[in-house]
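The values are calculated or read from the model by the stated rules, or taken from the named source; none is laboratory data. Every value quoted in this text rests on a predicted model; they were computed, and no experiment measured them. Using ideal geometry, Cβ is built from the backbone for each residue, glycine included, and neighbour counts are taken over all protein chains shown.
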Amino acid sequence: MYNVVIIGSGCAGLTAAIYAARANLKPLVIDGHEPGGQLTLTTMVENFPGFPEGILGPELIENMRKQAQKFGAEFKNGAVSEVNLSRRPFKIVAGKENYETKTLIVAAGASARLLGLPSERHLMGRGVSTCATCDGYFFRGKPIAVVGGGDTAMEEAVFLTRYASKVYLVHRRPEFRASKIMLDRAKANEKVEFITPAVVDDILPHPNGHVSGIRLRNPETKATRELELEGVFVAIGHDPNTAVFRGKLEMDPNGYLISLNGSKTTVPGVFVAGDVQDHRYRQAVTAAGSGCMAAIDAEKFLEEHNEQVLS
């Protein structure tokens with residue numbers, strides 16, 4: 001039996017763990033599908049407050065993990081396969097283990113959809129990115145590509161023109177899912193060049209280990225061409241890691257959990273934090289802030305219900 005169980009070990013989950021541990025709640029953190037979350041796919045993080053020289057994403061996560069452990073947080077590997085939220089204490093199954101908890105913080109995150117190329121994984125953080133806001137600054141004066149055809153792709157392409165010398169917008173079809181206003185905005189920007197229909201067959205490495213270009217294939221004519229550039233932003237959407245909560249917590253049509261009045265949900269004692277409920281900002285600092293909120297809300301919930309805190 002735990003006072004609080006936190007599902008997810010990214011920025012949101014680890015911040016919640018720090019706050020809950022500091023409140024002497026002895027939290028359990030279940031790592032989840034992607035231990036460390038999206039920051040483990042990043043190299044340098046330059047927009048997290050307090051690090052004027054920047055910090056490596058995996059290093060930031062490791063520091064937060066150590067900080068939570070220092071205050072008494074417990075960590076377990078594995079992904080949650082089943083939850084019972086119909087009554088308290090809540091029951092959670094992860095791997096072969098069963099847990100019971102008085103409160104639950106869901107910080108399971110959202111996974112970026114990828115193209116599925118081996119080179120994409122290999123070059124992630126070395127020119128391949130899934131976050132223009134996070135990494136656009138590193139491509140000042142350099143040619144880059146944005147892959148996608150929705151509003152996110154258009155928005156990121158226009159945003160990246162602040163830094164890049166050229167933005168190639170690559171989409172597999174001549175038609176776009178993006179709204180007319182977002183599409184028109186991208187087409188009106190002189191730095192954005194549309195390449196359609198085109199599929200990214202491969203992301204090409206430079207001898208220095210970074211991106212040097214992409215190989216494109218026209219799906220209609222099968223003709224291929226190579227494009228020299230230094231960055232590839234994959235903007236084909238995110239999937240919140242919420243399948244296990246379907247029918248148990250309220251979600252929007254895209255599967256993101258809905259938060260009420262801060263981090264609360266419609267199930268008393270269950271709180272949400274980070275990208276699992278945030279499809280707009282998706283930043284490390286906003287995830288950390290919501291993790292703090294969830295931990296404070298869980299602590300207040302235990303106080304208000306006169307729960308005896310397990311030590």
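If only residues of the stretch 37-57 that are touching a Ser or Thr at 6+ places or on another chain (Cβ under 9 Å) and surrounded by fewer than 18 Cβ atoms within 10 Å (Cβ to Cβ) are counted, the one that is farthest from CYS292 (Cα to Cα) is LEU56.
Among the criteria (1) of a type outside the set (Val, Ile, Thr); (2) surrounded by fewer than 16 Cβ atoms within 10 Å (Cβ to Cβ); (3) in contact with a Leu (Cβ under 8 Å, 6 or more places away or on another chain), the one LEU60 does not fulfil is (2). Restricting GLU100, GLU120 to residues that are outside any loop (DSSP other than H, G, I, E, B), farther than 27 Å from LEU249 by Cα and out of contact with any helix residue (DSSP H, G or I) (no Cβ under 9 Å at 6 or more places or on another chain) narrows the list to GLU120.
Of the residues making up the stretch 214-266, those that are at positive phi and not polar (S, T, N, Q) number 5. Here TYR19 passes the criteria (1) modelled with pLDDT under 95; (2) over 30 Å from VAL234 (Cβ atoms); (3) aromatic (Phe, Trp, Tyr) except the one numbered (1).
For every residue, the table says whether it meets (1) in the same structural domain as THR286 (by TED's automatic domain parsing); (2) among the small types (Gly, Ala, Ser); (3) not in a strand (DSSP E or B).
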{"site": "CYS134", "(1), (2), (3)": "no, no, yes"}
{"site": "GLY141", "(1), (2), (3)": "no, yes, yes"}
{"site": "GLY149", "(1), (2), (3)": "no, yes, yes"}
{"site": "ASN208", "(1), (2), (3)": "no, no, yes"}
{"site": "SER212", "(1), (2), (3)": "no, yes, no"}
{"site": "LEU216", "(1), (2), (3)": "no, no, no"}
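For the stretch 246-268, a residue qualifies if it is outside any loop (DSSP other than H, G, I, E, B), under 19 Å from CYS292 (Cα atoms) and without any contact (Cβ under 8 Å) to a residue 12 or more places away in the chain, and exactly one does: LEU260. Restricting attention to the stretch 287-311, the residues that are of a type in the set (Asp, Glu) and surrounded by 14 or more Cβ atoms within 10 Å (Cβ to Cβ) total 3. If I filter the stretch 220-232 for residues that are touching a helix residue (DSSP H, G or I) at 6+ places or on another chain (Cβ under 9 Å), under 30 Å from PHE301 (Cα atoms) and outside any strand (DSSP E or B), do I get at least one hit? No, because not a single residue in the stretch 220-232 is touching a helix residue (DSSP H, G or I) at 6+ places or on another chain (Cβ under 9 Å), under 30 Å from PHE301 (Cα atoms) and outside any strand (DSSP E or B). Close Cβ contacts (under 7 Å, 6 or more residues apart or on different chains) running from residues in the stretch 87-112 that are within 26 Å of THR42 (Cβ to Cβ) to residues that are hydroxyl-bearing (Ser, Thr, Tyr) and surrounded by 18 or more Cβ atoms within 10 Å (Cβ to Cβ) comprise ALA108/THR242; ALA112/THR130. Among strands (runs of 3 or more DSSP E) entirely within the stretch 1-87, having at least 2 residues that are aliphatic (A, V, I, L, M) and closer than 19 Å to GLU100 by Cα singles out 2-7, 28-30, 80-84.
Within the option set PHE75, PHE71, PHE48, PHE90, being modelled with pLDDT under 95 and hydrophobic (A, V, I, L, M, F, W, C) holds for one residue only, PHE48. Kindly indicate whether any position in the stretch 96-108 is farther than 30 Å from TYR2 by Cα, of a type outside the set (Gly, Ala, Ser) and either buried (at least 16 other Cβ atoms within 10 Å of the Cβ) or under 23 Å from the mean Cα position of the chain (by Cα) (or both). No, the conditions are met nowhere in the stretch 96-108.
Do you know which residues across the stretch 113-162 are among the small types (Gly, Ala, Ser) and either crowded, with 17+ Cβ neighbours inside 10 Å or touching a residue at least 40 places away in the same chain (Cβ under 8 Å) (or both)? Correct list: SER119, GLY125, GLY127, SER129, ALA132, GLY136, ALA145, GLY148, GLY149, GLY150, ALA153, ALA157. Residues that are hydrophobic (A, V, I, L, M, F, W, C) and either surrounded by 16 or more Cβ atoms within 10 Å (Cβ to Cβ) or not assigned by TED's automatic domain parsing to the domain that holds HIS122 (or both) within the stretch 163-193 comprise ALA164, VAL167, LEU169, VAL170, PHE176, ALA178, MET182, LEU183, ALA186, VAL192, listed in sequence order.
Scanning the stretch 115-134 for residues that are touching a strand residue (DSSP E or B) at 6+ places or on another chain (Cβ under 6 Å) and either closer than 22 Å to VAL276 by Cβ or of a type in the set (Val, Ile, Thr) (or both) gives VAL128, SER129, THR130, ALA132.
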